[in-house]
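Beneath this line is the structure, given in structure tokens, with notes to follow.
The values are calculated or read from the model by the stated rules, or taken from the named source; none is laboratory data. As the structure is a computational prediction, the values presented were derived from the model and not from experiment. All Cβ positions, even for glycine, are placed from backbone atoms using ideal geometry, and neighbour counts span all protein chains on display.
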Amino acid sequence: MDLKQAKRTTLTDQIVEQLDGLIQSGAWPVGQRIPPEPELVKQLGVSRNTVREAVKSLIHAGMLEARQGDGTYVSSASGLGGALQRRLGKSGLMETIEVRRALEQEAARLAAERHTEEDADRLRRRLDEFRAATDEEAIIQADLNLHKEIIRVTYNSLYVELYDHLTEALRDSIRIMSAEKEELAKHDRIHGDLIGHILARDADAAAEAVREHIRLSSEWIGSR
């Protein structure tokens, strides 16, 4: 196969790379409104059209979101995140939960094998925070934080990024569960078992706790 000469990078591509770097580095965090077009033109020293094309490219990638009359906001820290968010928007809640089951089982195994003493302390704190939460929003956030902490302990950056976008799609299921005291008590028990097995480095038992957790969630949502 004949090799082809590399193409020169366009000015728009260079601006896309700069803006992408600001987003991925956290200088422009998710949820923040980016500077308006005139300010970007001035800072970057390029034409309005070049800035507009670069921003459109990142909107198409799912990293930026244009809000009519309000400006443009960072919607994802990566192109992968943007693609996942678009795909999750087309999926049913049960499909998302099935994917979550697959991810969390292996994550629990890895966390059981890889966690440090410092990680163990953070996992205990996350469990305590979940048990101490009383109002609906606090329970939902504490639940998400607990599972995200387990994912973090896998020390796999791709796992972390995938799960970051997946958990946001699960807020509704957690919200439904948190409204029922009986269901909340079941999940409290399972969360305790899950963290206990991870801290005991029992990978098989940790994975089984995840299966029970997701099974209960699926049954509860399916009955609504």
Here are some residues: Arg87, Arg8, Arg101. Which one is out of contact with any Cys (no Cβ under 7 Å at 6 or more places or on another chain), modelled with pLDDT under 85, charged (D, E, K, R) and in a loop (DSSP other than H, G, I, E, B)?
Arg8
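To keep it simple, each residue is scored yes or no on (1) modelled with pLDDT of 95 or more; (2) assigned to a helix (DSSP H, G or I).
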site	(1), (2)
Arg124	yes, yes
Leu127	yes, yes
Thr134	no, no
Leu144	no, yes
Tyr163	no, yes
Leu166	no, yes
Ser173	no, yes
With respect to Arg131, determine if the residue is exposed (fewer than 15 other Cβ atoms within 10 Å of the Cβ), closer than 15 Å to Ile190 by Cβ and out of contact with any Leu (no Cβ under 7 Å at 6 or more places or on another chain).
yes
Looking at Ala179, is it in the same structural domain as Glu104 (by TED's automatic domain parsing), among the small types (Gly, Ala, Ser) and either crowded, with 18+ Cβ neighbours inside 10 Å or at pLDDT below 70 (or both)?
yes
Residues located in region 39-79, provided they are farther than 18 Å from Ala27 by Cβ, small (Gly, Ala, Ser) and assigned to a helix (DSSP H, G or I)
Ser57
Residues in region 28-81 that are loosely packed, with under 11 Cβ neighbours inside 10 Å, free of Cβ contacts under 8 Å to residues at least 24 places away in the same chain and closer than 28 Å to Val160 by Cβ total 1
